[in-house]
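Worksheet: one structure, shown below.
The values are calculated or read from the model by the stated rules, or taken from the named source; none is laboratory data. Nothing here was measured: the structure is a model prediction, and the numbers come from that model. Ideal geometry is used to build each Cβ from the backbone, glycine not excepted, and the neighbour counts take in all protein chains shown. Ligands, DNA and RNA are excluded from the accessible area calculation, which covers all protein heavy atoms including side chains. Shrake-Rupley method; radii C 1.70, N 1.55, O 1.52, S 1.80 Å.
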Amino acid sequence: MDTTAEPSIDPSPGPSLGPVRVCICIATRGRPQGLLALMAGLSGLELPAGVAAEVAVVDNNPEGSPPGVVAEARARCRLPVTWIHEPRRGISFARNAALDHAREIADFLAFIDDDETPTPGWIAELLRVQRATGAGAVIGPVVPRFAAPAPEWAVEEGFYACLGSGLNDGPEPGDGEAARVCSSANALIRTALVGGADGLRFDEALALTGGEDTLLFAQMRAAGHSIVYARSALVHETVPSSRVRVGWLLRRWYRTGNTDALVRARGGTGRPRLLVQGGVRLTAGTALAALAVLSAPRRPGRAMRRLYTAARGAGMIAFAFGRSFEEYRTIHGA
């Protein structure tokens, strides 16, 4: 991660924030080891004076997690923990349950995934940037930790990092700058904007496809709320070996193309234009990937970067024909 650029806002912690209430929201299904590691990590958070935090775990396992897992998760976290069971399968259902809970008890909600762990200053940095900008949401970086050795090209090209900018969308933003890629893997949101009958919600039609967070943040921006980036609000994601594969990357990029087309369609882009946009990406990406293979056969990351464009184009075309990929039917990690 590039840390050489000067931040655009004052990097100092500033005076105490108080009183501020933060609800840290976690959706979990089928990853007890990841959840337990996350709960232990949350115990190490360094909260600013006047900030109170608690944790809401939304259990998306059909029968609920085993009692032993629930008890150990509570024991590992020094913060108050509320356990919510959402039996309807899908990330949208789980995250909407978190929105509704957080709206009732907190000023801000912070999303983090059950395969991630935060750095000690995670919440403090999100709040610092929010206070400096007044943003509706703040996005932080997600940096991978590989469970097994990863190919050099995958690490060098940053295919597994989420630094507020897409692979082909320029450098990592500075503090307080617009986050060009928005994910609920690391996000702080004002609860007044979400949940309940009158707030923004995750689209439940996307419960198994994913992309529900991309759409929600797009709707937030369309409603006039800014979404900015906090470079130092860092979390680490554990990347299992099942994801360190070319096939998984191509499927993920295909799905993000699906989501991109969905957001564009909700904004008024018609099917013919989506087909053209997707076709251009698919054709150009494929051609450039072939050229990269010929010109730099020992640097597969270059070809993969072009296939990123091609796969997203294929996803856009698929959406235009009414097809979607249910990425969240498969659980990676433990």
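Miscellaneous remarks
- Where a label projected 7 Å from the Cα of Arg299 along Cα→Cβ would reach, residues of region 136-156 with amide N under 16 Å: 152-156
- Applying 0.36 nm per residue to the separation of Leu79 and Arg221 and subtracting their alpha-carbon distance, the gain on full extension is 47.9 nm.
- Cα-based helix-to-principal-axis angle, 271-295 vs the chain, degrees rounded to 10: 70 degrees
- Shape call, region 161-236: gyration tensor on alpha carbons, a/c limit 1.5: prolate
- In this label model, Gln33 and Ser242 are separated by 1.2 nm, measuring between points 7 Å along each Cα→Cβ vector.
- For region 134-174, the relative contact order comes to 38 percent (Cα pairs under 8 Å, sequence separation of at least 6).
- In region 79-145, inverting the average of 1/r over every pair of distinct C-alpha atoms gives 13.9 Å as the Kirkwood radius.
- Translational D in µm²/s for the chain (Stokes-Einstein at 4 °C, 1.567 mPa s, Kirkwood Rh from C-alpha pairs): 63 µm²/s
- Ranked by the mean number of other Cβ atoms within 10 Å of their residues, highest first, the peptides 224-234, 318-328 come out as 224-234, 318-328.
- Overall form of region 211-282 per C-alpha gyration tensor (a/c, 1.5; a/b vs b/c): oblate
- Of the solvent-accessible surface of region 152-272, computed with a 1.4 Å probe over protein heavy atoms with every protein chain present, carbon and sulfur atoms account for 51 percent.
- Gain on full extension, evaluated as 0.36 nm per residue between Ser43 and Glu204 minus their Cα-Cα distance, stands at 54.8 nm.
- When the helices of the chain are scored as -39500 (n - 2.57) per DSSP H run of n ≥ 4 and the total is divided over every residue, the value at 222 nm lands at -13000 deg cm²/dmol.
- Between helix 32-42 and the chain: long-axis angle, C-alpha atoms, 0 to 90°, nearest 10: 60 degrees
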